[in-house]
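Reading through the structure tokens given below for one structure.
The values are calculated or read from the model by the stated rules, or taken from the named source; none is laboratory data. What you see is a predicted model; the values in this text were computed from it and never measured. Quick reminder, even Gly has a Cβ in these numbers, built from the backbone with ideal geometry, and neighbours come from all protein chains shown. Just the protein is used for accessible areas: all its heavy atoms, side chains included, with ligands, DNA and RNA removed. Shrake-Rupley method; radii C 1.70, N 1.55, O 1.52, S 1.80 Å.
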Amino acid sequence: VEVLVQFRAMGGPTPVLILTGRGALKDKEDGLDSGADDYLTKPFHLRELSARMRAMLRRPRTTLENTLKFKDLEMDPSSFRVYKGEEEVHLARMEFALLEFLIRHKGQVFSPEALLDRVWTSESERSPESLRTLIKKLRRKIDAPNMDSLIENVHGVGYRMCDE
């Protein structure tokens, strides 16, 4: 799941099917929310695996298009560029990864722990405080003055990209 999150954060468009012995609902949810296109638990029949792979390859790749758009933000994961209107916004690697994750999952609320699990690549810098600091820096770069933040804090729950 960590490798998949990093792969998607870097713009990896390849369809991904997770094959695993972990069949709990939480495991499936984590796998799919991390960017997997499908999830298959053992034991499985090879014909089912083949059918799922054919189905994945038939699907249009609209969910991982090259350019992500959210309100006046435009993000191109393949070139590591973000624009707010016509102006380029320079983001650090983790700011970029967090913004991309939140845009790809706009409207969904993620707890701080879930964001740390899905976005953080370094165990040493992984803490709720480092997440708050990162969100604060990101807000300064992407939010318009005197307007509500694009990253909404859902009190007592977590964060989401405000899609209203």
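Summary table below
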read-out	value
Relative contact order [Cα under 8 Å, 6+ residues apart], the chain, whole percent	20 percent
Cα-projected label distance for GLU129 with VAL109, points at 7 Å along beta-carbon direction, nm	2.6 nm
Computed label-point distance, nm, for sites ALA24 and LEU49 using a 7 Å Cα→Cβ extension	2.5 nm
Cα-based reach from LYS136 at 15 Å (exclusive), listing aspartates and glutamates while leaving out same-chain residues under 8 positions away	GLU95, ASP148, GLU152
Two-site label geometry, ASN153 and ARG140: point separation in nm, points 7 Å out along Cα→Cβ	1.6 nm
With all protein chains modelled, accessible area of LYS141 [1.4 Å, Å²]	80 Å²
Candidates ILE18, ILE103, ILE151: whichever shows maximal mean-square fluctuation once the chain is modelled as a Gaussian network with Cα springs under 10 Å	ILE18
Carbon and sulfur %, accessible surface of the stretch 1-114 computed with the full protein complex present, 1.4 Å	54 percent
The chain - charge dipole about Cα centre, Lys and Arg +1 at Cβ, Asp and Glu -1, debye rounded to 20	500 debye
Sequence of PHE110, PHE44, PHE80 from largest to smallest accessible area, 1.4 Å probe	PHE80, PHE44, PHE110
Principal axis box of the stretch 55-162, alpha-carbon based, largest edge first, Å	41, 34, 25
Hydrodynamic radius by Kirkwood, which averages 1/r over all alpha carbon pairs of the stretch 4-85, in angstrom	14.4 Å
